[in-house]
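To start, the structure under review is shown below, and the notes come after it.
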Amino acid sequence: MSVLWRGGWLGLHRAAVSSSLGRPVCRRWLSMQRYSTEERGRPHTAEYRLYFKNEDGKFISPFHDIPLCPRAEEAHDVPAKKSKSNCAKNIFNMVVEVPRWTNAKMEIATKEFLNPIKQDIKKGKLRYVSNIFPHKGYIWNYGALPQTWEDPNHKDKDTTFSGDNDPIDVCEIGSKVCSRGEVIQVKPLGVLALIDEGEMDWKIIAINTEDPEADKFNDIDDVKKYKPGYLEATVEWLRTYKVPDGKPENQFGFNGQFKDQAFALGIIKETHEYWLNMVHKKSECGDIVCKNVLISDSQFCCSEEEAAAIVKVLPLVGGSSPVSPEVDIWHFMKK
């Protein structure tokens, strides 16, 4: 996909909403504004899971059932063509996986039924990101855009790398420290092309629409103006965060330069289209679990009863397991 197409989504938004985002079933998704979560297992253990419920208290998948675009108004009594979509205002839902300043590498479990949030495991151990001076844990609220997918079978035209098989990541730069599992509405400002161990791993830079200063931020240059040093810190953090684990520094497309909002919107549209193809069996999903509750025209759609039955048999949330003191170690990088 060319840069021109990516940058041209602004002018094509209404057509996209009426086609891919405006399917009849989407009305049900987009009318939902509030979500809740339910914990299972002991925190800080491999068994811990955080499941999502919609406003009706039904278990859903945060990957598939939470809409990419929230509605600005209830659409039950308004024809779809007259109802306003937040997509037209460049506002999207974000699922917060990791609150700022925390270290546990939590993520949507794409290979599990209902895709709960769990802690990543490497070599049999729970993963925590290292503190690299002067930072403590993640330096943004970190999470993902639902209903997006970086297709590993697609090689990006500009960077020549294939997708990392996950929803697209978001670094939210607002002042509020969010909670794990919180669903917030964000405004993308730009995007960074991280190359993580040979895979394309886009990082959307966005701000919470409820941030007191959100109106000041409308493109990537506004971050440079109002939060000087934050973008440079973002590049440095993403470049080095695996080094304490004995891995080489990550690389970047476009020489580590951030692309603007228009480009970011194109990436979001592109990855949403890949997700649509996946849940409608138009592309190979591999070991991704596409089971969902709300996408009625998807062959992966299951009943609410089936979803509830899966969670019901899991152990209830228990006391938290202690965290290793190694998580608090500060690492210093040689310049």
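The values are calculated or read from the model by the stated rules, or taken from the named source; none is laboratory data. These figures come from a predicted structure and were not determined experimentally. Remember, those area values only see protein heavy atoms, side chains included, never the ligands or the DNA or RNA. Shrake-Rupley method; radii C 1.70, N 1.55, O 1.52, S 1.80 Å.
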Between E305 and K176, what length comes free when the chain is fully extended (0.36 nm per residue of separation minus the Cα-Cα distance, one decimal in nm)?
-> 42.8 nm
Pull up all non-local amide H partners of D196: gap of 5 or more, or a different chain, and H-to-H distance under 5 Å with H placed in the peptide plane.
-> D201
Could you tell me what percent of the accessible area of the range 260-335 is made up of carbon and sulfur, with a 1.4 Å probe and every protein chain present?
-> 58 percent
Restricted to pairs 8 or more residues apart or on different chains, the lysines in the range 247-303 with C-alpha atoms under 20 Å apart form a number of pairs equal to 5
Express the carbon and sulfur contribution to the solvent-accessible surface of the range 111-229 as a percent, rounded to the nearest whole number, probe 1.4 angstrom.
-> 46 percent
For K155 and K111 in the same chain, what is the full-extension length gain: residue separation times 0.36 nm, less their Cα-Cα distance, in nm?
-> 13.6 nm
Checked against the structure, the computed Cα extents along the principal axes in Å among (i) 92, 88, 38; (ii) 59, 49, 40; (iii) 61, 44, 38 is the one labelled (ii)
Within the chain, which DSSP H helices have Cα atoms that stretch 24 Å or more along the helix axis and a mean Kyte-Doolittle hydropathy of at least -1.0?
-> 261-279
If you roll a 1.4 Å probe over the heavy atoms of the protein chains, what accessible area per residue do you get for the chain, in Å²?
-> 45 Å²
Stretch N255-E326 to full length: gain in nm at 0.36 nm per residue minus the Cα-Cα span?
-> 22.2 nm
